[in-house]
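The values are calculated or read from the model by the stated rules, or taken from the named source; none is laboratory data. Since the structure is predicted, the reported quantities are computational estimates derived from the model, not experimental observations. Neighbour counts run over all protein chains shown; Cβ positions are idealised from the backbone, glycine included.
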Amino acid sequence: MSVIASLRAALVALAALSLAACGINSVPAKEEVAKAKWADVQNAYQRRADLIPNLVSTVRGAAASERAILTEVTQARADATRITVSDDQLTDPAAMARFAEAQSRLTVTLQRLQEAYPDLQSQARFADLMTALEGSENRINTARDRYNEAVRDYNTEIRTFPSIIGAKIIHGAKPMVPFEASQAAQDAPSVNLDDIAAPPAPAANDNADAEAPAAAAN
């Protein structure tokens, strides 16, 4: 190999290393990771939304007095599933805020529904659904945390040297927006199942109480 050919090969290798160091590969790679984590967030919220129709149906059959809350839950679910955030909107704070607000409203209405839980303890189906709902909330929290970690990693990559060169000049990269739930929805709903298996008072006691006045009268 001639000296010129060797020099040319060395320059090509050096150029490739320089481009790699400037975020040519790392920036889009980290961006794709963040987008994948956002898909996990949306999947977790969808899992929760899929549980709600069965939950509403169960409560409707057991507690007619909770119809006002059921209406709120149904409407909040419709709003939450209607408002979505595409990959292209992950850099749009307004779009992320709308999504977070819609999901937070649904979380709050579900928490209100759970306030009626003592009246529904005898409904095994309700208990199963609430347990599944609690699991969904935990999945949502985990997915949000992982998405935010990926966003922090990506945002750090596009703002630090030397990746900032490729991020600005080649990719035109913009910072992604982390997910921030409203304060009212920070905590996953708690479900108290301690008394779910408590049996009703024996019928014999009721009969005894009813017969006591009659015996006294005799």
Can you tell me which residue among ALA173, ALA132, ALA94, ALA102 is small (Gly, Ala, Ser) and within 12 Å of TYR45 (Cα to Cα)?
ALA102
When the range 157-177 is examined, which residues are found to be more than 16 Å from ASN25 (Cβ to Cβ) and in a helix (DSSP H, G or I)?
ARG159
Please list, ordered by first then second residue, the pairs with beta carbon atoms under 8 Å, 6 or more apart or interchain, first in the range 150-171 and farther than 14 Å from GLU32 by Cβ, second of a type in the set (Gly, Ala, Ser) and part of a helix (DSSP H, G or I).
ARG159/ALA167; PRO162/ALA21; SER163/ALA21; SER163/SER26
For the range 165-175, check the following and say yes or no: at least one residue is buried (at least 19 other Cβ atoms within 10 Å of the Cβ), at pLDDT below 90 and of a type in the set (Gly, Ala, Ser).
yes
Which helices (runs of 4 or more DSSP H) sit wholly inside the range 1-119 and have at least 3 residues that are modelled with pLDDT under 80 and among the small types (Gly, Ala, Ser)?
3-21
Kindly indicate which of ALA39, ALA76 is of a type in the set (Gly, Ala, Ser), at negative phi and in contact (Cβ under 8 Å) with a residue 12 or more places away in the chain.
ALA76
